[in-house]
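Scroll down for the structure; my scribbles are underneath it.
The values are calculated or read from the model by the stated rules, or taken from the named source; none is laboratory data. Here the structure is a predicted model, which is why all the values come from computation and not from measurement. A quick note on method: Cβ atoms are made from the backbone with ideal geometry, for glycine too, and the neighbour counts reach across all protein chains shown.
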Amino acid sequence: MKVAILQFPGSNCDWDAEHAVQDVLGIPANRVWHKSPLPAETEAVIVPGGFSFGDYLRCGAIARFSPIMKDLRLFAEKGGAVLGICNGFQILCEAGLLPGALIRNDCLEFRCVNQKLKVEDSNEHFSSDTIGSELTIPIAHGEGNYRLEQDALAKLESNNQVLLRYIGNPNGSINDIAGIRNEVGNVYGMMPHPERAVEKFHPSQDGLPVLEAFLGPIRSSSPIELSES
């Protein structure tokens, strides 16, 4: 199994994600520049945190036009596993791979804290039984206020697409939502940083079961063929 970790101008959590996946979980991972094609051996993709293109427009709005995004969309459409973290979550929403949008925190402050979270029972891999009912994972964002129209929100909730909720909402996110998945269940997005909670010297190691919930089901899978033919 190989994990591709996308790099955009301004990514700053790509090395952290590579360390968490490769050095801690023991799964081969490679950083892939946004102008490069997605490697043929890719079996999962992580879109890491940071400030892609300096967040000069909206967070993720420019990154969604990067050349690699065509491959990422095709990879996701073919059932490939994708995880967007923080800015990566914003990019996936801007690209239409996840519903909703992330806007300015209601406090108008950049929030960088160790955040308590509640795990939602989204599927058999992402549930309180496999991950734990509560987690403490760092957040670091200025635009993590998740928004979604009411009809779409009701659908998201009824389909059990919410992964995580904040305990003590730090940013005004609707329904305390901290992470979601798409309807099919192969694309995940979350504002908290699980890659920053994997070592004994980190605030917690609660990021490990989150990453395992994403990567565990595909440890023995095969690469996605990206040919459109």
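Against the conditions (1) without any contact (Cβ under 8 Å) to a residue 60 or more places away in the chain; (2) outside any helix (DSSP H, G or I), residue 64 satisfies every one except (2). The condition (being modelled with pLDDT under 95, surrounded by fewer than 20 Cβ atoms within 10 Å (Cβ to Cβ) and under 20 Å from residue 60 (Cα atoms)) is satisfied by just one residue among 132, 142, 172, 216: 142. Of all residues in the range 84-129, those being outside any helix (DSSP H, G or I), closer than 17 Å to residue 62 by Cα and in contact with a Ser or Thr (Cβ under 9 Å, 6 or more places away or on another chain) number 1.
When residue 2 is tested against the conditions (1) over 26 Å from residue 147 (Cβ atoms); (2) at pLDDT 95 or above; (3) charged (D, E, K, R), the lone failure is (2).
Selection of the range 95-129 for residues being among the charged types (D, E, K, R) and touching a residue at least 60 places away in the same chain (Cβ under 8 Å) yields 106, 111. Restricting 65, 75 to those that are among the aromatic types (Phe, Trp, Tyr), more than 23 Å from residue 199 (Cβ to Cβ) and either crowded, with 21+ Cβ neighbours inside 10 Å or in contact with a Lys or Arg (Cβ under 8 Å, 6 or more places away or on another chain) (or both) reduces the list to 75. How do the pairs read when you match residues in the range 18-46 that are without any contact (Cβ under 8 Å) to a residue 40 or more places away in the chain with residues anywhere that are small (Gly, Ala, Ser) and in a helix (DSSP H, G or I), using Cβ under 8 Å and keeping only pairs 6 or more apart or on different chains? Once the first residue is without any contact (Cβ under 8 Å) to a residue 40 or more places away in the chain and sits in the range 18-46, its partners that are small (Gly, Ala, Ser) and in a helix (DSSP H, G or I) give 29/17; 34/63.
Looking across 77, 149, 94, 109, one residue alone is touching a strand residue (DSSP E or B) at 6+ places or on another chain (Cβ under 8 Å) and either of a type in the set (Asp, Glu) or modelled with pLDDT under 95 (or both). It is 94. Considering only residues in the range 145-161 that are closer than 19 Å to residue 86 by Cβ and crowded, with 20+ Cβ neighbours inside 10 Å, the one that is farthest from the chain's Cα centre (by Cα) turns out to be 148.
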